[in-house]
1. So, restricting to strands (runs of 3 or more DSSP E) that lie completely within the stretch 23-127, which ones have at least 1 residues that are surrounded by fewer than 16 Cβ atoms within 10 Å (Cβ to Cβ), at pLDDT below 95 and in contact with a helix residue (DSSP H, G or I) (Cβ under 9 Å, 6 or more places away or on another chain)?
2. Filter the stretch 143-185 down to the residues that are open to solvent by 60 Å² or more (accessible area, probe 1.4 Å), at pLDDT 90 or above and either assigned to a loop (DSSP other than H, G, I, E, B) or at positive phi (or both) and list them by number.
3. Please name all residue pairs, on different chains or six or more residues apart, with Cβ atoms under 8 Å, provided the first residue is in the stretch 24-35 and is of a type outside the set (A, V, I, L, M) and the second residue is assigned to a strand (DSSP E or B) and open to solvent by 40 Å² or more (accessible area, probe 1.4 Å).
Amino acid sequence: MRLGLLCACLISPWAQAEPRGAQARVASAELVEGALAVNTRFAVHLNPTLLDALEQGVPLTFRLDFELTRPRSYALWRRISDWFEPTAQIYYKLSYLSLTQQYRISSGGLYQNHLTLNDALASIGGIRGWRVLPREAVGKAKIQDFSGRVRLVLDRSQLPRPFQLNIMSSQEWVLDSEWVNLTLFDNAERGSEK
């Protein structure tokens, strides 16, 4: 009996820690050639319901959201708002190609095939140098003048219509990293450290 209790205690932390949803691994921003650029990487895990739907031919669309949360001065905010809506989005469409038994990630007009689901999931939400605020809007501002946040969500509005009606209240069709604040990197400080 003690052995059974010991095994239950040892197994329960791993059972509770089973990965679900999306977790941010990298969420940062920096100024690149005068523009505000965002770098992200997420760990994405599909629950059995989403995995089954994917393998049955239902494409899953993920949306990477950026939101500018703060310029430090109103004058800067006013100048930015003339150039830029303080949000940006990128879509990733994950589909399973049963004929070739590969997974495809489409984003914009580009696509990439992966042999394994893990490889495909690793590329969802991973981006480097995503220019979310143009040089004209940044002007002479410093990276410390900004703050923002990102999140990765399963965009249920992109599912086929029959699914949208059936999953309205189902938590099994919710995948959301929740908002993650960006870490700001000052390239000038990085250069002086080298």
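1. Of the strands (runs of 3 or more DSSP E) lying wholly inside the stretch 23-127, those with at least 1 residues that are surrounded by fewer than 16 Cβ atoms within 10 Å (Cβ to Cβ), at pLDDT below 95 and in contact with a helix residue (DSSP H, G or I) (Cβ under 9 Å, 6 or more places away or on another chain) span 60-71.
2. Correct list: 178, 179.
3. 25/41; 28/183; 28/184; 28/185; 30/184; 30/185
The values are calculated or read from the model by the stated rules, or taken from the named source; none is laboratory data. These figures come from a predicted structure and were not determined experimentally. All Cβ positions, even for glycine, are placed from backbone atoms using ideal geometry, and neighbour counts span all protein chains on display. In case anyone asks, the SASA skips ligands and DNA or RNA and just uses the protein heavy atoms, side chains included. Shrake-Rupley method; radii C 1.70, N 1.55, O 1.52, S 1.80 Å.
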